[in-house]
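Computed from the coordinates by the stated procedures, all read-outs in this text should not be read as laboratory data. As the structure is a prediction and not an experimental result, all values here were calculated from the model. Virtual Cβ from ideal backbone geometry, glycine too; neighbours counted across all protein chains shown.
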Amino acid sequence: MLSSKFWQKKALEDMTPAEWEALCDGCGRCCLVKFEDEDTGAIAYTDVGCTLLDGGTCRCRDYENRQSKVADCVRLTPEAVRTLKWLPPTCAYRLLAEEKELPDWHPLNTGDPESVHRAGISVRGRLSASEDNLTIEELEARIVRWPMKGMRRRR
């Protein structure tokens, strides 16, 4: 069982594995295919999900084995979240690393894993395809801007 408001009391490095995993809001935006400009370091998101991203649940289909199945899957650690520039601005890992509060809609605040979807934060209903079905050229044509913005509730 997780202690109440543990994220306000502990540093990222001091969290248990269960606490660390509970920080994930299940938005799925980190699992979108991204391109990095080699010259500038700029990140471009697509509306295409990783081969393991389930567009309905916004979760990994094989979380335990993801890194052996997806070569460029990044394992989030306290050190990594402090340096990754592509984490969405609403990501709990990023927010806590920046010493900010979790948003009201975050499942840890609401007690409801569906709150991220109701708030319009997740990729649910926004994916155009899985990366397996597209060529590099087709992926490049799917670049979008919404994943790096604080998304608004859909009406």
Inset, instruction - Positive end of the charge dipole of segment 6-148 (Lys, Arg +1 and Asp, Glu -1 on Cβ, about the Cα centre): tell me which of GLY26, SER128, THR77 has its Cα farthest that way. - result: GLY26
Legend entry - Candidate aspartates and glutamates for bridging to LYS9, where Cα separation is under 13 Å - those fewer than 8 sequence places away on the same chain excluded: GLU19, GLU99, GLU101
Inset, instruction - Of the listed values (1) 2, 8, 14, 13, 12, 10, 8, 6, 6, 6, 5, 4, 3, 2, 1, 0; (2) 1, 9, 18, 22, 22, 16, 8, 3, 1, 0; (3) 2, 8, 14, 15, 15, 14, 11, 8, 6, 3, 2, 2, 0, grab the one calculated as P(r) over Cα pairs in 5 Å bins from 0, in percent from the structure here. - result: (2)
Inset, instruction - Excluding MET15 itself, calculate the net charge of residues whose Cβ lies under 11 Å from the Cβ of MET15, where each Lys or Arg counts +1 and each Asp or Glu counts -1. - result: -2
Legend entry - 12 Å beta-carbon shell around VAL70, net charge (K/R +1, D/E -1): 0
Legend entry - Estimated distance in nm for a label pair at TRP146 and PHE6, the labels positioned 7 Å out from Cα along Cα-to-Cβ: 3.3
Legend entry - segment 51-96: trypsin sites (Lys or Arg not before Pro) in DSSP coil with no more than 15 other Cβ atoms inside 10 Å: ARG61, ARG75, ARG82, LYS85
Inset, instruction - Could you pull out the longest piece of the chain with no exposed loop GluC sites (Glu not before Pro) in it, calling a site exposed if DSSP puts it outside H, G, I, E, B and it has at most 13 other Cβ atoms within 10 Å? - result: 39-97
Inset, instruction - Report the charge-dipole magnitude of the chain in Debye, nearest 20, computed about the Cα centre from +1 at each Lys and Arg Cβ and -1 at each Asp and Glu Cβ. - result: 760
